[in-house]
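Below: the structure, in structure tokens.
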Amino acid sequence: MITTDIYMSKTTQHSAALRQIIEALTPFKDHDAKMQVSTVLTLLEIAAHQEEGVKIHPLSLQKKIGYQSGTATRNIYYWCEGHKDVRGGHNYARVEADKTDGRRRELYLTDKGAAFMQRVLTPLCE
């Protein structure tokens, strides 16, 4: 009997966690129902690094998520200012020159991106 109670408790916890994840991902679905996971992870990594006070560069983002260079660029353009050949231009993130090395670029959320991330985080922080 105790094993069943523990199992039920774990099942309930897992179900609740899954519901929170689904609710947290809903703003991404509402934004673009066909969005790929790598596009979601791009904005989440930018937000996480900014929250932690750690710089993130396009190359480190590419390595962290594990995608090809073209995919990294496409996803960055999607969340940033856009590109004539790439869907996007949502201005949720911005690219700035690294203050210590002008050849490198740093990624940050814009105010619009921070507001969007607040919608994502709310169900996870309740």
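The values are calculated or read from the model by the stated rules, or taken from the named source; none is laboratory data. A quick note: this is a predicted structure, and the numbers were derived from the prediction, not measured. Cβ atoms come from the backbone with ideal geometry, glycine included; neighbour counts cover every protein chain shown. For accessibility, only protein heavy atoms count, side chains too; no ligands or nucleic acids. Shrake-Rupley method; radii C 1.70, N 1.55, O 1.52, S 1.80 Å.
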- May I ask you to list the residues in the range 12-62 that are of a type in the set (Val, Ile, Thr), farther than 30 Å from Thr100 by Cβ and open to solvent by 60 Å² or more (accessible area, probe 1.4 Å)? Thr12, Ile21, Ile22, Val37
- Message: Can you list residue pairs whose Cβ atoms sit under 6 Å apart, with the first residue in the range 108-123 being part of a helix (DSSP H, G or I) and the second being open to solvent by less than 60 Å² (accessible area, probe 1.4 Å) and hydroxyl-bearing (Ser, Thr, Tyr)? Count only pairs 6 or more apart in sequence or on different chains.
- Response: Lys112/Tyr92; Gly113/Tyr92; Phe116/Tyr92
- Task: Output the residues belonging to the range 80-107 that are outside any strand (DSSP E or B), at pLDDT 80 or above and not small (Gly, Ala, Ser).
- Result: Cys80, Glu81, His90, Asn91, Tyr92, Asp98, Lys99, Thr100, Asp101, Arg103, Arg104
